[in-house]
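As structure tokens, the structure follows; a few thoughts come after it.
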Amino acid sequence: MPMPILVLGLGNILLMDEGVGVRAMEAFDAAWTVPDHVSVVDGGTCGMDMLDLIASHKHLIAVDAVKTGAPPATLTVLRGDEVPAYFKGKLSPHQLGLSDLLASLRLQDEAPESVTVVGCVPMALGTGLMMSPEIEAVIPQMVTMIVEELARLGVTATPRE
């Protein structure tokens with residue numbers, strides 16, 4: 001029986017580039033199909049209501065805007081011990097929510113066995129539905145990174161026709 005995997009798009013689409021994780025997850029879901037043991041979910045700004053959903057998966061791939069100190073539109077993949085560093089420079093309130101969720105799951109011994117963050121450094125975080133052109137341009141690369149991360153976990157994503 002394959003291990004359940006969650007691809008979770010995070011971010012607030014009302015705050016320009018802050019919604020890049022949700023937009024990348026949407027682009028992935030529109031272009032690729034995955035086996036039944038892989039869930040692709042819009043987590044939005046991620047509240048405690050996501051606790052049961054995350055707990056039911058062995059692997060979590062969170063797709064989000066990240067603050068790494070790199071220039072805007074820089075893409076990154078964080079795994080394992082690298083993931084806590086992602087929470088040190090919060091971009092928005094939902095990051096605290098995901099940190100709290102993972103901490104709660106660890107206390108309950110229900111945390112995913114592995115957590116990966118596929119991230120993009122945002123350019124603009126003002127109010128608005130449109131992303132910066134530079135950030136929008138890297139979404140296809142983020143989709144490729146999701147496909148590659150799934151492959152690393154032994155999952156083959158198939159292009160939609």
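The values are calculated or read from the model by the stated rules, or taken from the named source; none is laboratory data. Keep in mind the model is a prediction, meaning the values are calculated, not measured. Cβ coordinates were reconstructed from backbone atoms using ideal geometry, including for glycine residues, and neighbour counts include every protein chain displayed. What goes into the accessible areas is simple: the full protein's heavy atoms, side chains included, and nothing from ligands, DNA or RNA. Shrake-Rupley method; radii C 1.70, N 1.55, O 1.52, S 1.80 Å.
What does the charge count near Met131 come to, summing +1 for each Lys or Arg and -1 for each Asp or Glu among other residues with Cβ under 10 Å from its Cβ?
Counting the neighbours of Met131, the net charge comes to -3.
Taking amide H positions as placed 1.01 Å from N in the peptide plane, with prolines and chain starts having none, which residues 5 or more places from Ala111, or on another chain, fall under 5 Å of its amide H?
Arg106
Once amide H atoms are built 1.01 Å from N in the peptide plane, which residues 5 or more positions from Val63, or in another chain, come under 5 Å H to H?
Correct list: Leu8, Gly9, Leu10, Val118.
Rolling a 1.4 angstrom probe over the protein chains, ignoring ligands and nucleic acids, what is the accessible area of Asp49 in square angstrom, nearest 10?
Its heavy atoms expose roughly 130 Å² to the probe.
Protein chains only, probe 1.4 Å: how do Thr156, Thr68 rank by accessible area, largest first?
If we order Thr156, Thr68 from most to least accessible, we get Thr156, Thr68.
When only C-alpha pairs under 8 Å and at least 6 residues apart count, what is the relative contact order of the chain, in percent?
Dividing the mean separation by the residue count of the chain yields 34 percent.
Where the centroid of each part is defined by its Cα atoms, how far is the stretch 113-161 from the stretch 1-57 in Å?
11
Per residue, how many Å² of accessible area does the chain show with a 1.4 Å probe?
49
Dipole of the chain, Cα-centred, from +1 at each Lys and Arg C-beta and -1 at each Asp and Glu C-beta, to the nearest 20 debye?
The calculation lands at about 320 debye.
Report the relative contact order of the stretch 1-79, percent, no decimals, based on alpha-carbon pairs under 8 angstrom and at least 6 residues apart.
In percent, rounded to a whole number, it is 43.
Is the shape of the stretch 98-149 best called rounded, prolate or oblate, per the rule: a/c under 1.5 gives rounded, else a/b larger than b/c gives prolate, else oblate, with a ≥ b ≥ c the square roots of the Cα gyration tensor eigenvalues?
Note, shape of the stretch 98-149 comes out oblate.
Rounded if a/c is under 1.5, else prolate if a/b is larger than b/c, else oblate: which is the chain, with a ≥ b ≥ c the root eigenvalues of its Cα gyration tensor?
Since a/c reaches 1.5 but b/c is at least a/b, the shape of the chain is classed as oblate.
Add +1 for every Lys or Arg and -1 for every Asp or Glu among the other residues with Cβ under 12 Å from the Cβ of Lys58, and state the total.
-2
Rounded to the nearest 500 deg cm²/dmol, what is the calculated helix-only ellipticity per residue at 222 nm for the chain, with -39500 (n - 2.57) per DSSP H run of length n ≥ 4?
Calculated at 222 nm, the ellipticity per residue is -9500 deg cm²/dmol.
Compare Val41, Val63 by solvent-accessible area with a 1.4 Å probe and give them largest first, with all protein chains kept in place.
Val41, Val63
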